[in-house]
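Asker: Would you mind keeping the following structure in view while I ask a few things?
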Amino acid sequence: MADNSQNAKRLAKNTILLYVRMFITMLISLYTSRVILATLGVEDYGIYNVVGGLVGMFGIVTATLNTAINRFLTFELGKEDKERLHRVFSTSITIQIILSLIVVVIAETVGIWYINNIMVLPPERLTAAHWCFQFSIITCVIGLIVVPYNSAIIAHEKMSIYAYMGIFGSLFALGVALAISYSPIDRLVFYGFLLMISTLITFLVYVFYCRKRFEEARFKITIDKEMLGTMFGFAGWNMIGAGSGILRDYGGNLLVNFYFGPAVNAARGISNSVNTAITQFSTNFTMAMNPQITKSYASENRDYMFNLIYRGAKLSVFMMLFISAPVLLNTPFILGIWLKEVPEHAVLFTQLTIIYTMVEMVSGPLVTSMLATGKIRNYQIIVGGIQCLNIPIAWLLLHFGAIPEIVVLVSIFIAHCTFFARLYMLRGMIGLGARSFFKRVYLTILLTAAIGIALPLVAHLLIPQGWVNFFVTSTLSVFTMGLAMLYVGFDKSEREFVYSGAKKFLQRFKGKSDDSNQ
């Protein structure tokens, strides 16, 4: 395995590539969501959100194996065992094909029954919902089979193709949004069909690239009993955690639909779009970092792994906090400008969803390090079991008249419970210092956020709503949050790294300016 300095350089390069991808895709996707909502209308947008969510519920059958595939491919790369790597890849695709058939059977029986008998839909839109459901099933199956190819790209840390495909996907989605207005058939049905075509094209490109670049990406039907047993054993225990996560997200969507109808689903869909765009500021970094955590564990480079866990957790939240603070302060204003029609409940849903994501983001490197060990039974029983409480608690509160946003509030509370449970479990699994992590990461993040948001919040409360308020609070937020991160959030070595990077950048910039003046 390459030394730590080479790993750090590769991590920096991949992170930069993913950020370029993010800025482009974020701008495109935000405009795309606006066009789709305006073209489909609140009701149809909500219908697609809940129907697609229903298909995602059936993905519980395979979601656990997606995590297993990522872990085993990356782990074998760290071990540098090419023969076993090829066995993992071929076995992964075989498993995904088999389980895709299972998903189709369940979706075409239980899913159809749910749409016809339980889901809250206007009677005149039932046929369109069925067509969207069928396209969503095909999209889901394609997405499942492409997972080993996508995992291979991430495991090899070839983020350039991932960046290019992300930009392509965003551009295609924008084309889909613009094409809806010219649909020769029902707009909702046409939308579902075009999204399926987009997924198919992405799948073909990934397959072509992986077969050309990676030796192990030569699929042949493989029934390796040892590998199947190992992966299914890993996936079986991981099903508790992954399944509870799917039930939390998509089950919450179905609860909202059951009690409040598709219009409120549209509000939650808007909040998810905003949250996805903001979250990319952090997930790009964690996506580049996660393979190195797993490879470091596989090669027994524990010092580097612990360094990645501590700094990765803190930096990923800081990146999201930096961009989300102005959004949290100005959510009604931003949504009002972005959308022609802001669905009721969209503002609070958006704010709470962003907060929930930041809580979960602290645990990101912890989850990656847990999966790297492969010994996940006890962890999943405890942490996954706690996470399973999301739906019954939310269901009970909604039954007694709670507001729709209670679904996300419950998720925030449970996310804190699972965070502390992860710290407790990882202390024994990898020797992680729970108290040290809590102090150096969690408390540092809370203190940094409180100091950074204080002055912008005061300005927001004193200045009337409008462009002046938005400009002042956003500018203050960037300035105060940046200072809080630098002098409260970062330790001495991290500050020195920032200073060194800024100095090198200024020297390069000055050198280019001098060259251009000669």
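The values are calculated or read from the model by the stated rules, or taken from the named source; none is laboratory data. This is a predicted model, so every value here is computed, not measured. We place every Cβ from the backbone using ideal geometry, glycine too, and count neighbours over all the protein chains shown.
Asker: Could you count how many residues in segment 351-392 are closer than 17 Å to Tyr250 by Cβ and surrounded by fewer than 16 Cβ atoms within 10 Å (Cβ to Cβ)?
Answerer: Total meeting the criteria: 1.
Asker: Look through segment 416-453, keep the residues that are of a type in the set (Lys, Arg) and touching a residue at least 12 places away in the same chain (Cβ under 8 Å), and return whichever of them is nearest to Ser363 (Cα to Cα).
Answerer: Arg422
Asker: Still on this structure, I have one more. Criterion first (small (Gly, Ala, Ser) and within 31 Å of the chain's Cα centre (by Cα)) does Ala459 satisfy it?
Answerer: No.
Asker: Something else now. How many residues are closer than 20 Å to Leu432 by Cα and in a helix (DSSP H, G or I) if we restrict to segment 348-388?
Answerer: Qualifying residue count, segment 348-388: 22.
Asker: Further, regarding this structure: When you look at Ser100, is it within 26 Å of Tyr297 (Cα to Cα), crowded, with 18+ Cβ neighbours inside 10 Å and not aliphatic (A, V, I, L, M), yes or no?
Answerer: no
Asker: Could you please tell me which pairs satisfy a Cβ distance under 6 Å, a separation of 6+ or placement on different chains, a first residue in segment 356-368 that is in contact (Cβ under 8 Å) with a residue 12 or more places away in the chain and at negative phi, and a second residue that is charged (D, E, K, R) and crowded, with 22+ Cβ neighbours inside 10 Å?
Answerer: Short answer, once both residue conditions are applied: Ser363/Arg422; Leu366/Arg422.
Asker: Given the conditions (1) of a type in the set (A, V, I, L, M); (2) part of a loop (DSSP other than H, G, I, E, B); (3) within 20 Å of Glu360 (Cβ to Cβ), and given that Ile412 satisfies all but one, which numbered condition is not satisfied?
Answerer: Status for Ile412: all satisfied but (2).
Asker: Report, by residue number, each residue of segment 328-382 that is modelled with pLDDT of 85 or more, of a type in the set (Val, Ile, Thr) and touching a Ser or Thr at 6+ places or on another chain (Cβ under 7 Å).
Answerer: Hits for segment 328-382 are Thr331, Val347, Thr350, Thr353, Ile354, Thr357.
Asker: Hey, could you check segment 154-169 for residues that are surrounded by 21 or more Cβ atoms within 10 Å (Cβ to Cβ) and aliphatic (A, V, I, L, M) and say which is modelled with the lowest pLDDT?
Answerer: Met159
Asker: So is Ala402 under 26 Å from Gly233 (Cβ atoms) and surrounded by fewer than 21 Cβ atoms within 10 Å (Cβ to Cβ) or not?
Answerer: Judged against the criteria, Ala402 is not a match.
Asker: Quick one: in segment 418-448, of everything that is under 25 Å from Asn390 (Cβ atoms) and of a type in the set (Val, Ile, Thr), which residue is nearest to the chain's Cα centre (by Cα)?
Answerer: Thr418
Asker: Does Ile445 count as under 28 Å from Asn253 (Cβ atoms), assigned to a helix (DSSP H, G or I) and of a type in the set (A, V, I, L, M, F, W, C)?
Answerer: So Ile445 does not fit the description; no.
Asker: Return the residues of segment 125-146 that are over 22 Å from the mean Cα position of the chain (by Cα) and without any contact (Cβ under 8 Å) to a residue 60 or more places away in the chain; say none if nothing qualifies.
Answerer: The answer is Leu126, Thr127, His130, Gln134.
Asker: Regarding Gly192, is this residue surrounded by 17 or more Cβ atoms within 10 Å (Cβ to Cβ), touching a residue at least 12 places away in the same chain (Cβ under 8 Å) and within 23 Å of Cys132 (Cα to Cα)?
Answerer: yes
Asker: Step by step: first the residues of segment 39-93, then only those that are among the hydroxyl-bearing types (Ser, Thr, Tyr) and modelled with pLDDT of 70 or more, then the one that is surrounded by the fewest Cβ atoms within 10 Å (Cβ to Cβ). Which residue is that?
Answerer: In this case the residue turns out to be Thr39.
Asker: When you go through (1) over 26 Å from Arg71 (Cα atoms); (2) part of a helix (DSSP H, G or I) one by one for Val120, which number turns out not to apply?
Answerer: Exception for Val120: condition (2).
Asker: Hey, Leu426 hits all of (1) under 30 Å from Trp237 (Cβ atoms); (2) of a type outside the set (D, E, K, R); (3) surrounded by fewer than 16 Cβ atoms within 10 Å (Cβ to Cβ) but one; which does it fall short on?
Answerer: (3)
Asker: Which count do you get for residues in segment 460-478 that are among the hydrophobic types (A, V, I, L, M, F, W, C), surrounded by fewer than 16 Cβ atoms within 10 Å (Cβ to Cβ) and within 15 Å of Phe333 (Cα to Cα)?
Answerer: Qualifying residue count for the region: 6.
Asker: Another one. It is to be established whether one or more residues within segment 484-496 are in a loop (DSSP other than H, G, I, E, B) and modelled with pLDDT under 90.
Answerer: Checked against the condition, which is being in a loop (DSSP other than H, G, I, E, B) and modelled with pLDDT under 90, segment 484-496 yields at least one hit.
Asker: Could you tell me whether any residue of segment 305-316 is farther than 26 Å from Asp491 by Cβ and modelled with pLDDT of 85 or more?
Answerer: Checked segment 305-316: no residue is farther than 26 Å from Asp491 by Cβ and modelled with pLDDT of 85 or more.
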